[in-house]
1. So, in segment 208-221, of the ones that are surrounded by fewer than 13 Cβ atoms within 10 Å (Cβ to Cβ) and not basic (Lys, Arg), which residue ends up nearest to Val291 (Cα to Cα)?
2. Give the residues of segment 226-261 that are among the polar types (S, T, N, Q) and farther than 18 Å from Asp207 by Cβ, sorted by residue number.
3. If the requirement is being outside any loop (DSSP other than H, G, I, E, B) and modelled with pLDDT under 95, which of these qualifies: Phe112, Phe101?
4. Just to check your reading of the model, which residue among Glu259, Glu243, Glu253 is under 26 Å from Arg27 (Cβ atoms), of a type in the set (Asp, Glu) and part of a loop (DSSP other than H, G, I, E, B)?
5. On the basis of being exposed (fewer than 13 other Cβ atoms within 10 Å of the Cβ) and either in contact with a Ser or Thr (Cβ under 9 Å, 6 or more places away or on another chain) or modelled with pLDDT under 90 (or both), does Lys226 make the cut?
6. Looking only at residues that are under 17 Å from the mean Cα position of the chain (by Cα) and over 16 Å from Ala19 (Cβ atoms) in segment 282-297, which one is surrounded by the fewest Cβ atoms within 10 Å (Cβ to Cβ)?
7. Looking only at segment 233-256, decide whether some residue is closer than 17 Å to Gly289 by Cβ, in contact with a strand residue (DSSP E or B) (Cβ under 6 Å, 6 or more places away or on another chain), of a type in the set (Lys, Arg) and buried (at least 19 other Cβ atoms within 10 Å of the Cβ).
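The values are calculated or read from the model by the stated rules, or taken from the named source; none is laboratory data. Keep in mind the model is a prediction, meaning the values are calculated, not measured. Here Cβ is always computed from backbone atoms with ideal geometry, including for glycine, and neighbour counts include all displayed protein chains.
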Amino acid sequence: MKNRTQIAKERANDPIKSAIYKYNTARSNLLLASIFSIINIFLLLTEDFTYFLFSAAVPYLIADLGMYICGRYPEEFYEGGYGAFDFFNDSVFYALIIAAFVIIAFYILCYFLSKNGRVGWLIAALVAFSVDTLIMFSQYNLASSIIDILFHAYVIVFFVMGIKAHYFLKKMESNAQETVKKSDGEFAFESLIENTSDGETENNIADSTPIRTADFSVKSRVFLEKKVFEHTIIYRRVKKVNELIIDGFVYDEYIARMEFPHILTAVKDGREISAGIDIYNVMTITVDGQVVADKRRFF
């Protein structure tokens, strides 16, 4: 199994893996900000004034306004006490709290709908969070809220990086599609065969060492299977492990309870073989950079 350092090094050396990571990080930050925003409102409603910075400002400001104008804060919060104010009724309070949660729900919706490369929803989240930041600037004291501002800037930067990564992947996918030739639903291998004689290759790349023998007796879900140059390549999932199998041996794996875009790689007979799934839910097997099998997964 690869440790985190190895994975980080691979990602740094692979622009596609790096772009996938950036897109997923942007989405993860969106989800975290939404969760902390919900927690902040619940803390406010219970009059626990602990506040998580990694959150949206506008929902909190709306909830705070509802608490104040409807007399939900302790009497010492009001100059002159409760008697000096004519508070709004409970319906206004509940309407404002619902409005705060609707805004957070929009962020959560953007998180789920931005899956599979639907970048428009991530752009919508960026616009909304940018507006949130501008409103925060107008309401908060700059000197005392510098950490708040830095956290907002952090989230926005990662949104921008994620969106740029999406368009990079889109360009790479477009370039790859131009090189793939199809005939009667099968992929042609002219570019692979061109420099090959009797199934041999002139590449001087050291072969990968198998992790283990593949266990075909266990229940598994085979995503893709392809025979190329006498090698049987299988991309499958067993429990929470995705495996790249070549000729009955597991060469690479991805362990996760929930699947995210990833690429499994190995070298066999000097050929670079990879399998995985991208942000568009398209699964592929490639040999020396050429797609030899692909399928879109819908669930």
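1. Going residue by residue through segment 208-221, those that are surrounded by fewer than 13 Cβ atoms within 10 Å (Cβ to Cβ) are 209, 212-213, 215-219, 221.
If we keep only those that are not basic (Lys, Arg) as well, we get 209, 213, 215-218.
Numbers: Thr209: 23, Thr213: 25, Asp215: 26, Phe216: 25, Ser217: 29, Val218: 28 Å.
Among residues in segment 208-221 that are surrounded by fewer than 13 Cβ atoms within 10 Å (Cβ to Cβ) and not basic (Lys, Arg), the one nearest to Val291 (Cα to Cα) is Thr209.
2. Residues of segment 226-261 among the polar types (S, T, N, Q): 232, 242.
Residue satisfying the conditions is Asn242 alone.
3. Numbers: Phe101 fails: modelled with pLDDT under 95.
One residue alone meets the criteria, Phe112.
4. Numbers: Glu243 fails: part of a loop (DSSP other than H, G, I, E, B); Glu253 fails: part of a loop (DSSP other than H, G, I, E, B).
Matching residue, one of Glu259, Glu243, Glu253: Glu259.
5. Numbers: exposed (fewer than 13 other Cβ atoms within 10 Å of the Cβ): no; either in contact with a Ser or Thr (Cβ under 9 Å, 6 or more places away or on another chain) or modelled with pLDDT under 90 (or both): yes.
Here the answer is no, as Lys226 does not meet what is asked.
6. Taking segment 282-297 as the starting set, the residues that turn out to be under 17 Å from the mean Cα position of the chain (by Cα) are 282-283, 297.
With the extra rule that they be over 16 Å from Ala19 (Cβ atoms), the set shrinks to 283, 297.
On the way: Met283: 17, Arg297: 13.
If we take residues in segment 282-297 being under 17 Å from the mean Cα position of the chain (by Cα) and over 16 Å from Ala19 (Cβ atoms), then Arg297 is surrounded by the fewest Cβ atoms within 10 Å (Cβ to Cβ).
7. So far as segment 233-256 goes, no, none of its residues is closer than 17 Å to Gly289 by Cβ, in contact with a strand residue (DSSP E or B) (Cβ under 6 Å, 6 or more places away or on another chain), of a type in the set (Lys, Arg) and buried (at least 19 other Cβ atoms within 10 Å of the Cβ).
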